[in-house]
1. Could you quote the convex hull projected area for segment 71-196, Cα atoms only and averaged over all directions, in nm²?
2. Specify the angular offset, from 0 to 90 degrees and rounded to the nearest 10, of the alpha carbon long axis of helix 141-153 from the longest principal axis of the alpha carbons in the chain.
3. Using a 10 angstrom cutoff on alpha carbons, build the Gaussian network for the chain and name the most mobile of 64, 252, 28.
4. In degrees from 0 to 90, rounded to the nearest 10, what is the angle of the helix 171-188 Cα long axis to the longest principal axis of the chain?
5. Considering the chain as a Gaussian network with a 10 Å cut-off on Cα pairs, which listed residue, 258, 61, 120, attains the greatest mean-square fluctuation?
6. Want the number for residue 344 to residue 317: 0.36 nm per residue separation, take away the alpha-carbon distance, what's left?
7. Can you tell me the convex hull volume per residue for segment 254-344, based on C-alpha atoms, in Å³ to the nearest whole number?
8. Using a 7 Å offset from the Cα along the Cα-to-Cβ direction at both residue 308 and residue 90, what is the distance between the two label points in nm, to one decimal?
Ligand code: ADP
Ligand code: MG
């Protein structure tokens, strides 16, 4: 399959209402040419609506959409050059695998010979070589999703849209398909917008992630940036686990109670500030305390064994709860503190991030 020329997508001021519901609320978004961008958000946040606007199945109330230099809002779906994969596969059960994969080519009136070559190459790309004559009902869930994927790329679209394509698969298969989809994207290079509500899937697959809530984009950033430097509580809470401690502005930094907090990053513009603590970045302190660490006195509420790691829940002197995760090596679990024990918890200044409350 030749590499189709990828196109950037430009969304400006798109709003879509259903009665009093703002499914999309003045959304603007730039998807770079050839990028794998994920829309991540809870159920009902507007992800599918935005994808349907890109595909042309939903007409927004207002706003503009460009693919490259072309305005697309009035262009019919089949003229947009967009491949689409749905959660429920949407395959034709009475057709063979090849019949399904070749469907977009028949719509485009491609000759049988050329279509056969294209179908074979698409099936090869999704590792279903030789499956062309099988019936759809003979396939497993994972194979059906591969057929749907082959069908979406067979006409070499310049833009690929996927709406929770892996959510019907079991976890092992989903993990493998995430990596395969990623490799396929690297091979084909088309601009891809992917929808999921699964934060780990988004972190695994994406060049960039747009976190969506209530029809708005809360933050758009690369996976590591989103995890390390979320802009508000909603994003911090939706991606990864964290505890939040109330802090107050103090000059150019912040205070937790009477303690001046050591940190490297900036304090955001917000009236309500929170210190975000990722459990794997917080530490249970035993020996000497390094100078570049914030130290909290705490009382253990519960210690939980989780195989590869432990999770320790504790309360701080102000009553805030905090969770700390640590690795377990053979024999080390028994020596850990238990409920009621007093402990010291540490957070390195590089791991100390203050965020704005809000976003939800
Ligand atoms: P997501 O894909 O993130 O779960 P959707 O885009 O499907 O969210 O929905 C966003 C909001 O718009 C929800 O509140 C949903 O109920 C509403 N909505 C979506 N499509 C329709 C529709 N056709 N009619 C009425 N409400 C809709
Ligand atoms: Mg949806």
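1. Directional mean of the projected Cα hull area for segment 71-196 stands at 7.9 nm².
2. Rounded to the nearest ten degrees, it is 60.
3. Result for the chain, Cα springs under 10 Å: 252 fluctuates most.
4. 60 degrees
5. Its mean-square fluctuation being the largest, the pick is 258.
6. Here the segment from residue 344 to residue 317 would lengthen by 8.6 nm.
7. Cα-based convex hull of segment 254-344, divided per residue, equals 119 Å³.
8. Label at residue 308, label at residue 90, 3.6 nm between them.
Bear in mind these aren't lab numbers, they're just calculated from the coordinates by the rules spelled out. The model shown is predicted, which means the values in this text are computed figures rather than measured ones. We place every Cβ from the backbone using ideal geometry, glycine too, and count neighbours over all the protein chains shown.
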